[in-house]
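Okay, so here's the structure we're looking at.
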Amino acid sequence: MRTTLPSMRAAFYEQRGDSGVLQIDEIATPGPGVGEVRVRLAVAAVNPTDWKMRSRGDDLPAPQIPGMDGAGVVEAVGPGVDIGRIGERVWIYHAGYQRRWGTAAQFTVVPARQAVHLPDGVELDQAAALGIPYITAYGCLLCDGPIEGQTVLIHGGAGAVGHAAIQLARRAGAHVITTVSSSAKGELAIAAGAHVVIDYTAPDATEAVRRAAPAGVDRIIEVALTRNMDMDLAVLAPHGVIVTYAADNDDPTIPVRALMTNNVTLRFAMVYGFAPALIAAAVAEITAALASGELQPLPFIRFPLEETAAAHDAVEGRVAAKVLIDIP
């Protein structure tokens with residue numbers, strides 16, 4: 001006899017558009033399938049990808065619950081998953097990617113590998129904010145191999161990915177230079193472990209990077225390729241690498257001759273397309289860094305589930321903090 005699961009409270013949308021398409025209501029609770037776990041969520045994080053996927057794209061199976069990242073406790077397992085995982089505290093990544101069950105809800109269902117064991121002593125708030133930013137940062141930094149001894153320039157060191165990249169680059173043995181737009185953001189970058197912090201709005205920002213890296217920068221983690229292309233080419237060492245993980249509103253003009261002359265590699269990184277082995281390595285490294293107490297979160301701004309639309313608006317407005325949704 002089939003048992004009907006109780007409903008759950010969730011944010012969802014049935015058509016694409018601005019944050020006004022988001023609804024909060026009771027919907028059916030999903031059950032875990034083969035190789036899946038169901039997680040009772042305590043907190044979810046909001047990323048730019050959440051509002052971008054909500055506002056544009058192809059047709060979707062409705063209702064769609066937004067949210068890639070979150071944290072909670074495994075409440076049920078599907079066939080093929082160790083029953084001993086029930087009760088395990090976990091952090092979640094990629095929950096809503098090409099699936100209906102995002103993290104802005106009381107429960108989500110994900111493949112078991114996407115519910116990662118959370119070391120003792122790590123708060124669920126910090127765990128919920130790991131997925132997209134930290135896996136992106138790891139891939140941008142280490143997709144070509146070790147960076148120990150290299151000089152890395154991380155643009156936007158107070159943003160979610162930049163802040164994560166500073167910490168992971170330090171852990172990997174790199175010398176870290178980062179750019180920010182204010183003294184307050186500079187303090188966040190310094191606390192994360194940046195060796196050198198530069199205000200990119202200053203007229204001498206490029207010269208400041210050159211002074212900090214007289215032999216040139218080996219690797220640049222880029223959030224605004226169009227805006228920063230001139231600086232990047234001016235400070236990058238021959239055979240250096242630029243990795244960009246964000247798309248500008250306008251595609252940049254690529255200076256082929258300048259890149260070719262210095263044998264520069266221009267890489268494009270989209271976390272959802274990372275190879276499974278790279279994601280697995282990222283998850284293992286992030287979890288190890290958590291266990292050793294080497295990662296610290298950005299400041300949080302919190303919203304209740306009922307205000308998911310406001311949480312999306314805050315991220316779209318580029319609030320200078322990590323946005324969390326408390327799940328009742």
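Quick check on Ala105: is it of a type in the set (A, V, I, L, M, F, W, C), touching a residue at least 24 places away in the same chain (Cβ under 8 Å), surrounded by 21 or more Cβ atoms within 10 Å (Cβ to Cβ) and closer than 21 Å to Gly273 by Cβ? Taking the combined requirement at face value, the residue does not satisfy it.
With a requirement of 2 or more residues that are buried (at least 20 other Cβ atoms within 10 Å of the Cβ) and β-branched (Val, Ile, Thr), the strands (runs of 3 or more DSSP E) lying completely within the range 1-89 that satisfy it span 36-45, 69-77. Selection of the range 140-164 for residues being of a type outside the set (Val, Ile, Thr), over 22 Å from Arg318 (Cβ atoms), surrounded by fewer than 24 Cβ atoms within 10 Å (Cβ to Cβ) and touching a strand residue (DSSP E or B) at 6+ places or on another chain (Cβ under 9 Å) yields Cys143, Asp144, Gly149, Gln150. For the residues Ile198, Ile242, Ile221, the requirement of being in contact with a Cys (Cβ under 7 Å, 6 or more places away or on another chain), in the same structural domain as Leu142 (by TED's automatic domain parsing) and modelled with pLDDT of 95 or more singles out Ile221. Take the conditions (1) in contact with a helix residue (DSSP H, G or I) (Cβ under 8 Å, 6 or more places away or on another chain); (2) of a type in the set (Lys, Arg); (3) not assigned by TED's automatic domain parsing to the domain that holds Trp51; Arg257 misses just one of them, which is (1).
Return yes or no: is Pro133 touching a helix residue (DSSP H, G or I) at 6+ places or on another chain (Cβ under 6 Å), touching a residue at least 24 places away in the same chain (Cβ under 8 Å) and surrounded by fewer than 21 Cβ atoms within 10 Å (Cβ to Cβ)? For Pro133, the condition - touching a helix residue (DSSP H, G or I) at 6+ places or on another chain (Cβ under 6 Å), touching a residue at least 24 places away in the same chain (Cβ under 8 Å) and surrounded by fewer than 21 Cβ atoms within 10 Å (Cβ to Cβ) - is not met. Inspection of the range 89-106 finds no residue satisfying the criterion of being closer than 18 Å to Leu298 by Cβ and over 17 Å from the mean Cα position of the chain (by Cα).
Within the range 173-216, the set of residues being within 22 Å of the chain's Cα centre (by Cα), buried (at least 19 other Cβ atoms within 10 Å of the Cβ) and hydrophobic (A, V, I, L, M, F, W, C) comprises Ala174, Val176, Ile177, Val180, Leu188, Ala189, Ala192, Ala194, Val197. Can you find a residue in the range 173-181 that is more than 23 Å from Val319 (Cβ to Cβ), assigned to a strand (DSSP E or B), touching a strand residue (DSSP E or B) at 6+ places or on another chain (Cβ under 9 Å) and of a type in the set (Ser, Thr, Tyr)? Within the range 173-181, none of the residues are more than 23 Å from Val319 (Cβ to Cβ), assigned to a strand (DSSP E or B), touching a strand residue (DSSP E or B) at 6+ places or on another chain (Cβ under 9 Å) and of a type in the set (Ser, Thr, Tyr).
The values are calculated or read from the model by the stated rules, or taken from the named source; none is laboratory data. Fair warning: this is a prediction, and the values are worked out from it, not measured in the lab. Cβ sites come from the backbone with ideal geometry, for glycine too, and all protein chains shown count toward neighbours.
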